Amino acid sequence: MVLIIKNLLLTCKKPVPSRRSTQIYFHLVNTRTLSNFENRSVWQINRYGKIEELKLSASSEGAAIKSPNELLIKVHASSINPIDIKMLGGYGKSLINILRKQKGMMRSGSEFPLVLGRDFSGTVVEAGRNITKYKIGDEVWGAIGAERPGTHAKFTVVSQDEISLKPRNVSHIEAASIPYVAATTWAALCTVGELKERKAVGRRILILGGSGGIGTFSVQLAKAWGMHVTTTCSTNAVEMVRDLGADMVVDYKTKDIWQELKRYEKYDYILDTVGADAVDKGVGFLSPWQNSHLITLITPFLKNSDNLGVIPGMMKTAFTAGLDTLKGLKSGGSVRWAVFIPSASAMEKVKLMVEAGQIKPTVQEVFPFSKVPDGYKRVAGGHLRGKIVIDNLSD
């Protein structure tokens, strides 16, 4: 909880360039405009709601460099994540709009029109004057902050702190399936959970929800680092997660998870991607003999601020986080909350793991750019076995 609030406050403290300085910079470095490119369509919404709100637009005002640390990317592929479905309905708008205002990303006092999508694989077509690591033509991938105009577009603008070079041994479609789940998993296990590769060998981890995007990635990461992996999934995903490296698989369709887990040794790490009663019941399975952690990605942080307002929401969130902390202490371990955090360093490390064959993309289905709403419907339906990817070059 402290880490979440700290990241929000640090972001809000960053100086925002004046309108005049932004205009001057834009004139100096953005001498080429998107009008020079053949297709700059985006999928956007003009109000929060259901999938029907998604509209294909011929242009986007947001796809232009406005900072010396930004890059303009031609998006070859992106993925649709459950967070996109939630943001379509307005999830997180209270706190995310604060970040948008602080970073000058609100037009006319509104976030609309709003482009969703958090990750991508593509090519650099323009770079700000402070960019030294990348050049025009470089193939890159990454996951961008929730305050930015999204990646379900032909072009998107990113910070150099959110990307790395794309792995050379996978296609753009395969690459696009990884960044958001990689950054989220890395934030949970490595940043919040303090897991280090050199100390991971032999440690035991339980991953609740092993067949979705985060689950399939985290199983592979843990096995690559030499951990013993137990995960949960439904019957038709058991073979898939075993193929990804899971040592033990509990089929929640045929067994009571918590009764079945009593047969096994306890865990040094538990990663919760499903929510419900996972924290209340999971803490009893933390090893009391190790510095053990239950890290949950299902938190009320943004929801409380949306429902109650920012300050009251934060107060309620702090109270709930305190209760979870006490649950962890009683078990002999700790309960921690984690959220997605963009990270260039995480993307660089994951790139090397993909190139070494330690992480393999898990793509369930690919939709052409013209069929983005169909992809949203597929993700909204749940029970995914990997990632849903948008192919921008198929139309």
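The values are calculated or read from the model by the stated rules, or taken from the named source; none is laboratory data. Small disclaimer: the values here were computed from a predicted structure and weren't measured. Here the Cβ is made from the backbone with ideal geometry for all residues, glycine too, and neighbour counts use every protein chain on show. Note: areas computed on protein heavy atoms with side chains; ligands, DNA, RNA excluded. Shrake-Rupley method; radii C 1.70, N 1.55, O 1.52, S 1.80 Å.
Observations on the model:
- Relative contact order, percent, the range 99-178 [alpha-carbon distance under 8 Å, six or more residues apart]: 32
- Taking every Cα-Cα distance in the chain and sorting them into 20 Å bins from zero, the calculated P(r) comes out as 28, 58, 13, 0 percent.
- Note on the chain: with neighbouring protein chains present and a 1.4 Å probe, carbon and sulfur make up 53 percent of its accessible heavy-atom surface.
- All Cα pairs of the range 261-395, percent lying beyond 20 Å: 65
- Accessible surface for the chain, divided over its residues, is 45 Å² per residue with a 1.4 Å probe.
- In terms of the mean number of neighbouring beta-carbon atoms within 10 Å, the peptides 340-351, 82-93 order highest first as 340-351, 82-93.
- For the peptides 98-104, 205-211, the ranking by packing is 205-211, 98-104, with the highest mean count of neighbouring Cβ atoms within 10 Å listed first.
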